[in-house]
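**Student:** Sharing a structure with you now.
Read-outs throughout are calculated quantities, based only on the coordinates presented, and are distinct from any laboratory measurement. Please read these numbers as outputs of a predicted model, since none were measured by experiment. Cβ: placed from backbone, ideal geometry, glycine included. Neighbour counts: every protein chain shown.
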């Protein structure tokens, strides 16, 4: 992990975590769910993938260079959904966010619990 959830230098806030990778690395779904968005309409996020899960959770995967899924598709935990791309500054990264309703949650404790 190269950037943690919460307050960042310069007074900004990160509502997820950034994970270092190599362009083209596989991005996997965190849990079973339905793809509700897969596109590049939001500037600065590359190809963004949103997956709706049980109990009103949504996971977001940003900076992908391409999506391997489409809206409406059902995915399983661990299934390949995209390929790591790069942030606007050229660093290969995955932006990973977890939301429940409108609240951004820190994904790090959830990831540790699944290991």
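**Student:** Select from 38, 77, 86 the residue whose mean-square fluctuation is largest in a Gaussian network model of the chain (Cα-Cα springs shorter than 10 Å).
**Tutor:** The residue with the greatest mean-square fluctuation here is 77.
**Student:** Using only helices, what value at 222 nm comes out for the chain when you add -39,500 (n - 2.57) per DSSP H run of length 4 or more and divide by the total residues, to the nearest 500 deg cm²/dmol?
**Tutor:** My calculation for the chain gives -2000 deg cm²/dmol from helical runs alone.
**Student:** Okay, moving on. Hey, what's the Kirkwood Rh for the chain if you take every pair of different alpha carbons, in angstrom?
**Tutor:** Details: mean 1/r = 0.0710 Å⁻¹.
Roughly 14.1 Å, rounded to one decimal.
**Student:** Treat each spin label as a single point 7 Å out from the Cα along the C-beta direction, and report the residue 55 to residue 102 distance in nm.
**Tutor:** Taking the simple label geometry, residue 55 and residue 102 are separated by 2.2 nm.
**Student:** Please report 42, 49, 19 as a ranked list, fewest other C-beta atoms within 10 angstrom at the top and most at the bottom.
**Tutor:** Working: 42 11, 49 26, 19 20.
Going from sparsest to densest Cβ surroundings: 42, 19, 49.
**Student:** Calculate the spin-label point distance for residue 37 paired with residue 22, positioning each point 7 Å from the Cα along the beta-carbon direction, and give it in nanometres.
**Tutor:** 3.1 nm
**Student:** What whole-number distance in Å separates the alpha-carbon centres of the stretch 62-115 and the stretch 1-55?
**Tutor:** Cα centres, the stretch 62-115 to the stretch 1-55: 4 Å.
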